[in-house]
Amino acid sequence: MKQLTHVDIKNNQQQFPITIVCDAIRTPENIGMCFRISESFGVQKIYFEESSPSTENRIVKKTARNTISQIKHAVYEDFDEIINQLKSEGNTIIGVEITDKSCNIQDFNFKNHKKIVLLLGSERNGIEKINLVDKTVAIPMYGRNSSMNVIHSLAITLYEITNQLK
């Protein structure tokens, strides 16, 4: 058995109708990993709040590696405005958040939605304007902790979505 390198691997490159909106994510490592995970799963575009660390941040660049140039991204000023714009473009806004109405992620049928926006909350407060989402999904947890890092949640969610859509 031989471990394969990046040169050996030829991925079946594919894009999915998925957009990410980051609601006030503050940690540069999380911004960088958002790029890296999103590129790996064929996300179309990422939106970051204007106060989030920029793509010029040294830690963002280091963590994202070369994916910043490989995925469309933009900065927004007004959260309500970007969410309403995406809704008007036919997107279903899905919050990755634990709420009293959340569906377990594996029970949610992502195929029923032509265009998906995954809304990620801030590291400290989660999704602050939860009333703007159409649906929420939660990842079942079996330990004592009730939440996980926002980017780990994103990776699990993107895996589930792309697994259903491919």
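The three principal axes of the C-alpha atoms in the range 87-166 carry coordinate ranges of 37, 28, 21 Å, sorted with the longest axis first.
In this structure, the residue pairs whose Cα-Cα separation is over 19 Å, taken from Lys10/Lys166; Lys45/Lys114; Lys61/Lys129; Lys129/Lys166, are Lys61/Lys129; Lys129/Lys166. Based on the alpha-carbon gyration tensor of the range 17-82 and its eigenvalue square roots a ≥ b ≥ c, which shape applies: rounded if a/c is under 1.5, prolate if not and a/b is larger than b/c, or oblate? Cα axes put the range 17-82 in the oblate bin.
Applying a 10 Å radius around every beta-carbon, put 33-41, 59-67, 106-114 in order of their mean neighbour count, most first. Please list the in-between numbers first.
On the way: 33-41: 21.6, 59-67: 16.9, 106-114: 12.7.
Result, highest mean first: 33-41, 59-67, 106-114.
Computed from Cα atoms alone, the Kirkwood hydrodynamic radius reported for the range 1-54 is 12.9 Å. When DSSP beta bridges are restricted to pairs lying wholly in the chain, around 5% turn out antiparallel. Contact order, relative form, for the chain: 26 percent (alpha carbon pairs under 8 Å, 6 or more residues apart, mean separation divided by residue count). Here the scattering of the chain is modelled by Debye summation over its C-alpha atoms, one equal scatterer each and no solvent; at q = 0.10, 0.12, 0.17 Å⁻¹ the log10 of I(q)/I(0) is -0.36, -0.52, -1.05.
Quick note: the coordinates plus some simple rules give every number you see, no bench work behind them. Model, not experiment: these values are computed from the prediction. FYI the Cβ positions are ideal-geometry reconstructions off the backbone, even for glycines, and counts take in every protein chain you see.
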